[in-house]
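Reviewing the structure listed below.
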Amino acid sequence: MKIRNILILIGCAIALTGASLWMGQQAYSWFPPQAAAESKLIDELFSFLVSLGTFIFLGVTGTVTYSIIFHRAGKYDTSDGPPIEGNITLEVVWTTIPILLVLWIATYSYNIYAEMAIQGPMEAMHIHTMASAHAATMESTTEPIEKIEVLAKQWAWVFRYPNQNVTSTELHLPVNRRISLALQSADVLHGFYIPAFRLKQDIVPKQTIDFEFTPIRPGKYRLRDSQFSGTYFAAMQTDVVVQSIEDYNHWLKTAATQKPTPANNQAANEYTQKIKGAFTSGYPTVIPAPPPLVNFPS
């Protein structure tokens, strides 16, 4: 191969690498703010995949475009191209490269998951026992606060803080503290999903699933049900409030003094309007659970 061609290939590889890295950096702006330590890890993994995908996409499309422009057959040339078969070197190369890429992606993804140290159903199988690297780098985050009980039901979220005997339909969390949740479902499959945390965990009926993470950014975020749990599942949303430990303790203390009252529940409200004839969908539906009695209705 001529030196000129080698230099051109090297130049193309450098340009592709630069464009891929740039696109990978742009991927960070496609997500909500990073509100949990785990979100940084997920964004790093996604940026890596975007960079790798961009390199492959531009490399393949560039090669195809180059071949179409500079090596296409003449207008009346109907002859076959040169037979290329039995090239062991070429077959080894195009088999080895995808295998190495898949192994690279799998190893990197597994390391990210291990570093997140999110417990879940895998914990029950004794597969996942590693400590959180991100949590370990933060002072006072390795020991979770009290385990918050999370009950998902059609269609409401109920959070219980057992030490203070406080219930709420709004999830309050202290910033920079390891959070431990006990997820339960009262009826069907639900999904605990906070986009700003990049965390999602299915909640399986008749199982208690331990789930841990570390919020790092004060603010108000949305918790959604990521699984289709019935007619009103879209209304199964609530706020997640991340606050300083002082504000968190003050909220708990204040909520503990409040008498439990029925929480506002959009699914129950819509169902009430339906049976009153305000609107009809024409489809049968499950009757929403009664609005929960909580100390702090959102």
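Residue-level check: of (1) open to solvent by less than 10 Å² (accessible area, probe 1.4 Å); (2) touching a Lys or Arg at 6+ places or on another chain (Cβ under 8 Å), E212 misses just (1). Of all the criteria given as (1) part of a helix (DSSP H, G or I); (2) open to solvent by less than 40 Å² (accessible area, probe 1.4 Å); (3) aliphatic (A, V, I, L, M), the one not satisfied by V240 is (1). Based on what the data block shows, is A256 at pLDDT below 95, surrounded by fewer than 20 Cβ atoms within 10 Å (Cβ to Cβ) and under 16 Å from W157 (Cα atoms)? Here the answer is no, as A256 does not meet what is asked.
May I ask you to list the residues in the range 243-270 that are part of a strand (DSSP E or B) and touching a helix residue (DSSP H, G or I) at 6+ places or on another chain (Cβ under 8 Å)? Within the range 243-270, just Q243 meets the criteria.
The helices (runs of 4 or more DSSP H) found wholly in the range 82-198 and carrying at least 1 residues that are at pLDDT 90 or above occupy 88-116.
Considering only the range 199-225, state which residues are part of a loop (DSSP other than H, G, I, E, B), among the β-branched types (V, I, T) and free of Cβ contacts under 8 Å to residues at least 60 places away in the same chain. If you could, list the steps in order and put the result at the bottom.
Going through the range 199-225, the residues part of a loop (DSSP other than H, G, I, E, B) turn out to be 204-208, 214, 216-218.
Next, from what is left, pick out any that are among the β-branched types (V, I, T): 204, 208, 214, 216.
The answer is T208, and nothing else.
Any idea which of P262, P218, P291, P284 is closer than 18 Å to W157 by Cα and open to solvent by 70 Å² or more (accessible area, probe 1.4 Å)? The match here is P262.
Checked against (1) part of a helix (DSSP H, G or I); (2) within 27 Å of the chain's Cα centre (by Cα); (3) exposed (fewer than 12 other Cβ atoms within 10 Å of the Cβ), T54 passes all but condition (3). Every condition in (1) in contact with a strand residue (DSSP E or B) (Cβ under 9 Å, 6 or more places away or on another chain); (2) surrounded by 16 or more Cβ atoms within 10 Å (Cβ to Cβ) is met by T231 except one, and the failing one is (1).
Does G59 satisfy the condition of being touching a residue at least 24 places away in the same chain (Cβ under 8 Å), touching a Ser or Thr at 6+ places or on another chain (Cβ under 7 Å) and surrounded by 11 or more Cβ atoms within 10 Å (Cβ to Cβ)? Criteria not met by G59.
Applying the set (1) over 22 Å from V166 (Cα atoms); (2) touching a strand residue (DSSP E or B) at 6+ places or on another chain (Cβ under 7 Å); (3) surrounded by 18 or more Cβ atoms within 10 Å (Cβ to Cβ) to Y271 leaves exactly one unmet item: (2).
Out of I69, I99, I6, one residue alone is farther than 30 Å from G219 by Cβ, over 27 Å from the mean Cα position of the chain (by Cα) and either of a type outside the set (V, I, T) or open to solvent by 80 Å² or more (accessible area, probe 1.4 Å) (or both). It is I69.
Against the conditions (1) at pLDDT 95 or above; (2) in contact with a Leu (Cβ under 8 Å, 6 or more places away or on another chain), T208 satisfies every one except (1). Whether a residue is assigned to a helix (DSSP H, G or I), free of Cβ contacts under 8 Å to residues at least 60 places away in the same chain and either under 30 Å from I216 (Cα atoms) or in contact with a strand residue (DSSP E or B) (Cβ under 9 Å, 6 or more places away or on another chain) (or both) was assessed, and S20 passes this test.
The values are calculated or read from the model by the stated rules, or taken from the named source; none is laboratory data. Just so it is clear, the structure is predicted and the values come from calculations on it, not from any experiment. In this analysis, Cβ positions are derived from the backbone assuming ideal geometry, glycine residues included, and neighbour counts consider all displayed protein chains. Ligands, DNA and RNA are excluded from the accessible area calculation, which covers all protein heavy atoms including side chains. Shrake-Rupley method; radii C 1.70, N 1.55, O 1.52, S 1.80 Å.
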